[in-house]
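In what follows, a structure is listed as structure tokens, so that the remarks can point back to it.
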Amino acid sequence: MNELDALVQSARSGFAQAITPAELENAKAQYLGKAGSITELMKGLAALSVPEKKSRGAAINLAKQAIEAALNERRRALAQAELQAQLKAEALDLSLPGRQRGSGGLHPVSLTLERIEAIFGSMGFELAEGPEIESDWFNFTALNTPADHPARSMHDTFYVEGGSEQAPYLLRTHTSPMQLRYALAHVKRHRAAIDAGAGMPEIRVIAPGRTYRVDSDATHSPMFHQCEGLWIGENVSFKDLKYVFTDFCRLFFESDDLALRFRPSFFPFTEPSAEVDIQFQSGPLAGRWLEVAGSGQVHPNVVRNMGLDPERYIGFAFGMGPDRLTMLRYGVNDLRLFFDGDIRFLAQFN
Ligand code: DAH
């Protein structure tokens, strides 16, 4: 092997040993750099005769081209290897299962509210919502609740800043103010027809929502839910209340094996008034009377506050506790579980 072939071979193996681009550039300098072997050989040409220069020069050039070709080939190989390494490092394993987001679900009380809305909706009741910060007038006065009524006590009610002493604001203690808010808007829409004696379409509405009282134990929470119901027309009687509420309870609990009792009671805004108790005929709660709502025929003073003539318009109202209904439906014995936010408890309902 001549000296030039040996040089090319040594360059090839030197390049092959370089495993990074930087090492390769260093190896290149040994052959093609300013002080590299090829450059040195070129310098040696100066001492040769013209014909010798020609043939020697051509041979050196061939060797140089071979070394450059080897260099470029190695460069490509290293770049390729680098790309492969990068692709491998950044590879996504598309066969891995994705990270689960965890499926959410509705709170048990929300499930109850949806159920109440669906059942009353099927009976032709509208759905209304109202403010949780309420005026003293809507919460008490308009509902025929006199100034000395115990429900107005500081011990029962959260008063909030902003109102005057005569007209304080408070967190509504029940959903009953929605009777007035809804009825007033309804009557306003039909005022002309009512005044002309043509009458108005019946008021038939439920109003679910949050309510507040200063109260806290296993069966009372300072924030709780109520759902108000109101049906006012020219011919709506206590019989309709019994029918509607009985139907509701049977649909809600999915049982015809359910007794209802309307126990005489007192509310300022109804006369007569009744507490509604239910009794399961089978299951763990069988035999016990359980209170689920207050109800009654809307008091003439309240009908008057709605802007209607109590001689012509009459109806019933009820207020029930969705929290209580949820406890009964699912057999939950501590109301506070609904508000602890413990996912192990809540997940059971979905
Ligand atoms: N608002 C009453 C309460 O919170 C419940 C109630 C009783 C609502 C009788 C009514 C009703 O609409 O007619 O205790």
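The residues listed here are LEU180, LEU170; of these, the one that is under 26 Å from PRO300 (Cβ atoms), assigned to a helix (DSSP H, G or I) and in the same structural domain as GLN226 (by TED's automatic domain parsing) is LEU180.
Restricting the range 12-43 to residues that are among the small types (Gly, Ala, Ser) and surrounded by 16 or more Cβ atoms within 10 Å (Cβ to Cβ) leaves a set whose member that is nearest to GLY57 (Cα to Cα) is SER37. One residue is enough: does the range 187-209 have a residue meeting the conditions under 19 Å from MET327 (Cα atoms) and not basic (Lys, Arg)? Within the range 187-209, one or more residues are under 19 Å from MET327 (Cα atoms) and not basic (Lys, Arg).
Would a scan of the range 327-340 turn up a residue that is crowded, with 16+ Cβ neighbours inside 10 Å, of a type in the set (Val, Ile, Thr) and either touching a residue at least 60 places away in the same chain (Cβ under 8 Å) or away from the ligand (no atom under 16 Å from the Cβ) (or both)? Checking the range 327-340: at least one residue is crowded, with 16+ Cβ neighbours inside 10 Å, of a type in the set (Val, Ile, Thr) and either touching a residue at least 60 places away in the same chain (Cβ under 8 Å) or away from the ligand (no atom under 16 Å from the Cβ) (or both). Return a yes/no flag: does the range 194-201 have any residue that is closer than 26 Å to VAL236 by Cβ, modelled with pLDDT of 90 or more, of a type in the set (Val, Ile, Thr) and in the same structural domain as ASP247 (by TED's automatic domain parsing). Checked against the condition, which is being closer than 26 Å to VAL236 by Cβ, modelled with pLDDT of 90 or more, of a type in the set (Val, Ile, Thr) and in the same structural domain as ASP247 (by TED's automatic domain parsing), the range 194-201 yields at least one hit. Residues of the range 323-344 that are out of contact with any His (no Cβ under 8 Å at 6 or more places or on another chain), part of a helix (DSSP H, G or I) and of a type outside the set (A, V, I, L, M, F, W, C): ARG324, THR326, ARG329, TYR330, ARG336, ARG344. Evaluation of LEU171 against the conditions (1) in contact with a Leu (Cβ under 7 Å, 6 or more places away or on another chain); (2) under 30 Å from ILE343 (Cβ atoms); (3) not β-branched (Val, Ile, Thr) shows that the sole unmet condition is (1). Please work out which residue is nearest to GLU126 (Cα to Cα), limiting yourself to the range 171-185 and to residues that are without any contact (Cβ under 8 Å) to a residue 60 or more places away in the chain and in contact with a strand residue (DSSP E or B) (Cβ under 9 Å, 6 or more places away or on another chain). Here the answer is TYR182.
Conditions tested, residue by residue: (1) polar (S, T, N, Q); (2) in a helix (DSSP H, G or I); (3) modelled with pLDDT under 90.
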site	(1), (2), (3)
THR39	yes, yes, no
ALA69	no, yes, no
LYS88	no, yes, no
ARG99	no, no, yes
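The requirement of being outside any helix (DSSP H, G or I), outside the structural domain of TYR330 (by TED's automatic domain parsing) and farther than 30 Å from HIS225 by Cα is fulfilled somewhere in the range 43-50, by at least one residue.
Among the residues of the range 1-35, which ones are more than 16 Å from ASN72 (Cβ to Cβ) and in contact (Cβ under 8 Å) with a residue 60 or more places away in the chain? LEU7, the sole residue that qualifies. So which residues in the range 71-115 are of a type in the set (Gly, Ala, Ser) and under 30 Å from the mean Cα position of the chain (by Cα)? If the condition is that a residue be of a type in the set (Gly, Ala, Ser) and under 30 Å from the mean Cα position of the chain (by Cα), then GLY98, GLY102, SER103, GLY104, GLY105, SER110 are the ones that fit. Of the strands (runs of 3 or more DSSP E) lying entirely inside the range 210-322, those containing at least 1 residues that are more than 9 Å from the ligand (Cβ to nearest atom), farther than 27 Å from ASP334 by Cα and within 34 Å of the chain's Cα centre (by Cα) span 223-233.
The values are calculated or read from the model by the stated rules, or taken from the named source; none is laboratory data. From a predicted model like this one, the values you see are computed outputs, not experimental measurements. Neighbour counts are summed over all protein chains in view; Cβ atoms, including those assigned to glycine, are modelled from backbone coordinates with ideal geometry.
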